[in-house]
Amino acid sequence: MRFALARAQALERPVGAETAARQRASRIVLDAEAWHRRLVDAGVREVTVHPREMTSRWPRIDACVLGHLAGTPVAGAVAAVSEEARGALAREGRLA
């Protein structure tokens, strides 16, 4: 989750608050109670939710943020800004 938050923070200044908000929204994780409620509301009768935490290792964000964002819903917004703004995005990622 920390990587996702850093990506969104990095997007804010060079690309825009709306794009950063879209990136944040795509990474919202429901808690166990919300998952349970959604499944029951969908008609699943016997529901047991077992929350798990996952840790993953990523390269430095400034080294991979542009390539990573190219595969996300905000790719078009990132591609639409200037080369200078994309460079700022990578630098912002290092600071996030």
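Some observations on this one:
- Rounded to whole Hz, the Karplus (6.51, -1.76, 1.60) HN-Hα couplings of the range 15-22, x for glycine and proline: 10, x, 5, 5, 5, 4, 5, 4
- Between the range 39-56 and the range 66-88, the alpha-carbon center distance in angstrom: 34 Å
- Correct option for semi-axes √(5λ) of the Cα gyration tensor in Å [calculated from the coordinates] among (i) 33, 15, 10; (ii) 50, 9, 6; (iii) 26, 19, 12: (i)
- For the options Asp62, Asp31, Asp41, a Gaussian network treatment of the chain with springs between C-alpha atoms closer than 10 Å singles out Asp41 as fluctuating the most.
- Derived scalar couplings between HN and Hα for the range 31-46 equal 7, 4, 5, 5, 4, 4, 4, 4, 5, 5, 4, 7, x, 6, 8, 10 Hz in order, rounded to whole Hz, by the Karplus curve 6.51 cos²θ - 1.76 cosθ + 1.60 (θ = phi - 60°), x for Gly and Pro.
- Annotation note: GluC sites (Glu not before Pro) in the range 35-95 located in DSSP loop regions with a Cβ neighbour count of at most 16 within 10 Å are Glu46, Glu53.
- Ranking Ala85, Ala42, Ala63 by how far each Cα lies toward the positive end of the dipole of the chain (charges on Cβ) leaves Ala63 at the top.
- The range 15-96: trypsin sites (Lys or Arg not before Pro) in DSSP coil with no more than 15 other Cβ atoms inside 10 Å: Arg27, Arg45, Arg52, Arg57, Arg60
- Assuming charge only on the beta carbon of Lys and Arg (+1) and of Asp and Glu (-1), the dipole of the chain about its Cα centre is about 200 debye to the nearest 20.
- In order through the range 56-71: 3J(HN,Hα) via Karplus (6.51 cos²θ - 1.76 cosθ + 1.60), integer Hz, x for Gly, Pro: 10, 9, 10, x, 3, 4, 5, 7, 10, 4, 5, x, 5, 5, 5, x
Values quoted throughout were computed directly from the atomic coordinates according to the rules given, and no laboratory measurement underlies them. It should be emphasised that the depicted structure is a prediction, and the values quoted were computed from it without experimental measurement. Please note: Cβ atoms are built from the backbone with ideal geometry, for glycine as well, and neighbour counts cover all protein chains shown.
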